[in-house]
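Each remark here refers to the structure printed beneath this line.
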Amino acid sequence: MSAALELDDLSKSFGKAQIIRGLALSVAEGERHAIIGPNGAGKSTLFNLITGRFAPTGGRVRLHGQDLSGLAPYQINRLGLSRSFQITNIFPKMSVFENVRCALLWSTGYKYSFWNMVSRSRALNEGAAEILAEINLAGRRDLPAGMLSYAEQRALEIGITIAGGADVIMLDEPTAGMSNTETDYIVDLIRKVTANKTLIIVEHDMGVVFGLADRISVLVYGQIIATGPPEEVRANQRVQEAYLGAALEAD
Amino acid sequence: MSDHAEKAPMHRYGGLTLGAVAPWLIGALLLAAMPYVFSSNSAITIMNQMAITIVFALSYNMLLGQGGMLSFGHAVYMGIGGFGAMHVMNWMEDGAVALPLPLLPLVAGLFGLGFAIIIGVFSTRKAGTVFAMISLGIGELVASSSLIVVAFFGGEEGVSGDRTYGIPVFGHDFASQTEVYYLIAGWLLLATLLMYLFSRTPVGRMANAVRDNPERAEFLGYSARWVRFYSFCASGFFAGIAGGLFAVNYEILTAENLDLATSGTILLITFLGGIGFFFGPIIGAIVFTLLQSVLSLQTDLWQLYVGALFVLTVMFFPGGLAGVIMMHVPPWRNGKMRALVRPYLATVLPAGIGILGLASFLEVLFHVRRAAVGEAGMTLFWIHFSSHDVRVWIGIVLVTLLSFWLARRNAPALRAAWDFANTPPEAAPKGDPK
């Protein structure tokens, strides 16, 4: 199996503060990979480095072997990598349907067209309707996205993330702030919509992580201290120390 | 790469339906009929001005309402289009260029587009304050260079010309106001349709997405900057067309067409009409032109009233006049418009009288302070009286206070009726507020 995403000696500093310190990771195609770690370990920063939101201080990110250095988020997205955000990040004033349809535009090949009518494209409208059905928001189609419930907005965010047909999907804490039933619902949804795709997920809910991931990486102080299948990571001495240590410090 | 649906004969999405075509047909018929209804010269002058302002305001809303770009210098693009058109018009007079006059606004649009491309390349990198400040700077820059680059802007007297030297179109040389009206009306319809269709294209849709959330748009494969750039260029093109229509109508452009006051006015008009709906700026332009041309004949204080109207709109109806209209769609759908009639009369009518009372107070005060010594007689609402008469003052103050008190007293009933009208019928609770 070839690597969908490869991080090579990646580092990031803000001034003197080193947030990511020489991190290496390889995620295989079709793998569901979870990144866990205590607060402040650099998980969100890592996401931002991979997706081009921040430029790394050192090292490389490779998507399907292609170096992503110097590329803007939209260019990285066009190469087949899509992400969601920890804080819900949708288009609040546009309708739910319009949110998804916009997410389809680039991958359908419209680019910056100002001579096609979106309402006349079967690929766009049926595609958006299919995704709405998949994320169970077909009944909310014409509502402004900002008026959806929190869980629905999270589902819509996932819908937008997968709509463009990217084969590497990165989700940043998709179940944050959700009740148990909502969490179960979102996890099922994630499993459904990311079938046959590479998934990289940051998550605090260990139930979600161990239920969903093929492999887990533990990030502590900007470094990965363990990577492996769930059971192996759970049994790892250093992981237990890191989590236990953090708990002790907090007391 | 390309989508195959366009070729698939079975399903045609968004095919032309009666509902989609009807507003445009009605608009076209209305435009065609207007000169027969309002045939006086001054009415046609007002309608021409209105139509030009509508095109300008709609082009401005491509930036503000649809793209989330607040520009303080939009008059520049209309002005450059207009000046360009004036020069071409003069070349037509010299015989250097042969062009039918109806094509001149297109040339003006290209001038606007060209300048928008030059400015847009760097000004659309960021929205928000950065964009607003750059637009203000460019606005000031171009306005001040109008007195420096005399060859193009004509210095203080501007550039004037004669529109009748174009190739005649079916025997029309556009010497009369009515001929010009139909030229402008045709362009109004065409430009409005094109701007509407633009908002329905992929780049038009993404303009909304970038307005709402530029960062998310980047993670959908679109560069927020280039999406803004395309909107900006389209907006400059249509502003240029408005400038071309201005040139055709007035046959003169001066530095005033480019200045910051003109840019500020179009912002005001667009916001007054409502930036959230496509048709909002149309309403704004109509209302503003009427206020400007009719109210200004009645009172010297008209700008004060327009200013107050703008402030009140921003404070209480941020959706503008179009927002107020669209607020009534849910009650209409619920079939409860009738429940609103009486509370409206009971609240809005006294409030209106109160506002007129307040305006009367200002008018009388203004008259006392400004009129020549010994000149006490004035006319207000077709009543002639002395502005120095104390009874008039007391009467105005009493009527005003009483009206506002009445409006305030009836406001809770209106609010209750409004809530009732916005409740869907099946979920309606017990009481019909009376």
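Computed from the coordinates by the stated procedures, all read-outs in this text should not be read as laboratory data. It should be emphasised that the depicted structure is a prediction, and the values quoted were computed from it without experimental measurement. Cβ sites come from the backbone with ideal geometry, for glycine too, and all protein chains shown count toward neighbours.
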(message) Give me A:85, A:14, B:420 sorted ascending by neighbouring Cβ count inside 10 Å, so fewest comes first.
(response) A:14, B:420, A:85
(request) Place +1 on the Cβ of every Lys and Arg and -1 on the Cβ of every Asp and Glu in the protein assembly as shown, take the dipole about the Cα centre, and give the residue among B:223, B:66, A:110 whose Cα lies farthest towards its positive end. (result) B:66
(request) Would you kindly derive the ³J(HN,Hα) couplings of region B:383-388 from the backbone phi angles with the Karplus curve 6.51 cos²θ - 1.76 cosθ + 1.60 (θ = phi - 60°), listing them in order in whole Hz, with x for Gly and Pro? (result) 10, 9, 8, 9, 6, 9
(message) With bins 5 Å wide starting at 0, give me the P(r) of region A:1-134 over every alpha carbon pair, in whole percents.
(response) 2, 8, 15, 18, 17, 14, 12, 8, 4, 1, 0
(message) Taking the Cα centroid of region A:21-47 and of region B:210-274, what is the distance between the two, rounded to the nearest whole Å?
(response) 44
(request) Please work out whether region B:80-201 counts as rounded, prolate or oblate from its C-alpha gyration tensor, where a ≥ b ≥ c are the square roots of the eigenvalues and a/c under 1.5 means rounded, while otherwise a/b larger than b/c means prolate and anything else oblate? (result) oblate
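By the gyration tensor of its Cα atoms, with a ≥ b ≥ c the square roots of the eigenvalues, what is the shape of chain B: rounded for a/c under 1.5, prolate for a/b over b/c, or oblate? Could you put the intermediate results ahead of the total?
Working: a/c = 1.77, a/b = 1.21, b/c = 1.46.
Here chain B falls in the oblate category.
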(message) Can you compute 3J(HN,Hα) from phi for each residue in region B:51-66, using the Karplus curve 6.51 cos²θ - 1.76 cosθ + 1.60 with θ = phi - 60°, rounded to whole Hz and x for Gly and Pro?
(response) 5, 5, 5, 4, 4, 4, 5, 5, 5, 5, 6, 4, 7, 6, x, 9
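What does the charge dipole of region B:20-263 about its Cα centre add up to, to the nearest 20 debye, if the Cβ of each Lys and Arg holds +1 and the Cβ of each Asp and Glu holds -1? Working shown, then result.
Values: 9 positive and 14 negative charges, 231 e Å.
Result for region B:20-263 is approximately 1120 debye, rounded to the nearest 20.
Can you work out the FRET efficiency for the pair residue B:177 and residue B:329, with r the C-beta to C-beta distance and R0 = 35 Å, to the nearest 0.05?
Numbers: r = 38 Å, r/R0 = 1.08.
Once rounded, the FRET efficiency stands at 0.40.
First select every other residue whose beta carbon is under 10 angstrom from the beta carbon of residue A:204; then total the charges, Lys and Arg +1, Asp and Glu -1.
Details: positive: A:43; negative: A:173, A:203, A:205.
Neighbourhood net charge equals -2.
If N is the number of residues in region A:95-146, what value comes out of its Cα radius of gyration divided by 2.2 N^0.38 Å? Walk me through the numbers on the way to the answer.
On the way: Rg = 11.0 Å, N = 52, 2.2 N^0.38 = 9.9 Å.
Its radius of gyration relative to the 2.2 N^0.38 Å reference: 1.11.
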(request) Taking amide H positions as placed in the peptide plane 1.01 Å from N, state which residues far from residue A:170 in sequence (5 or more) or on other chains have amide H under 5 Å from it. (result) A:82, A:83, A:84, A:200
(request) Over all alpha-carbon pairs of chain A, lay out the pair-distance distribution in 5 Å bins, whole %, shortest bin first. (result) 1, 6, 13, 17, 18, 16, 12, 8, 5, 2, 1, 0, 0
(message) Treating only the Cβ of Lys, Arg, Asp and Glu as charged (+1, +1, -1, -1), what charge dipole size does region A:159-215 show about its Cα centre? Round to the nearest 20 debye.
(response) 220
(message) Can you tell me which of B:133, B:89, B:78 moves the most in a GNM of chain B? Springs connect C-alpha atoms under 10 Å apart.
(response) B:133
(message) As I understand it, the dipole of region B:329-427 uses +1 on the Cβ of Lys and Arg and -1 on the Cβ of Asp and Glu, about the Cα centre. Which of B:422, B:360, B:384 lies farthest toward its positive end?
(response) B:422
(message) Tell me which of A:221, A:129, A:204 sits at the most positive position along the dipole axis of chain A, charges placed on C-beta atoms (Lys, Arg +1; Asp, Glu -1).
(response) A:129
(request) Sum -39500 (n - 2.57) across every DSSP H segment of at least 4 residues in the protein assembly as shown, then divide by the residue count to get the 222 nm mean residue ellipticity, nearest 500. (result) -18500 deg cm²/dmol
(message) What's the magnitude of the charge dipole for region B:329-427 around its Cα centre, counting Lys and Arg as +1 and Asp and Glu as -1 at the beta-carbon? Answer in Debye, nearest 20.
(response) 280
(message) Explain nothing, just the number: relative contact order of chain A, from Cα pairs under 8 Å at least 6 residues apart, as a whole percent.
(response) 26
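Which order do A:43, A:197, B:126, A:192 fall in if you start with the one that has the fewest other Cβ atoms within 10 Å?
Details: A:43 23, A:197 19, B:126 16, A:192 12.
Neighbour counts put them in this order, fewest first: A:192, B:126, A:197, A:43.
Please state the shape class of region B:20-263: rounded when a/c is under 1.5, otherwise prolate if a/b exceeds b/c and oblate if not, all from the C-alpha gyration tensor. Don't skip to the end; give the middle numbers.
Values: a/c = 2.15, a/b = 1.35, b/c = 1.59.
Cα axes put region B:20-263 in the oblate bin.
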(message) Give me the Å³ per residue figure for the convex hull around the C-alpha atoms of the protein assembly as shown.
(response) 245
(request) Rank B:99, B:188, B:398 by mean-square fluctuation in a GNM of chain B with C-alpha springs under 10 angstrom and give only the top-ranked residue. (result) B:398
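Going by C-beta contacts inside 10 Å, put B:415, B:228 in order with the fewest on the left. Before the final figure, lay out the partial values.
On the way: B:415 13, B:228 26.
In increasing order of surrounding Cβ atoms, one gets B:415, B:228.
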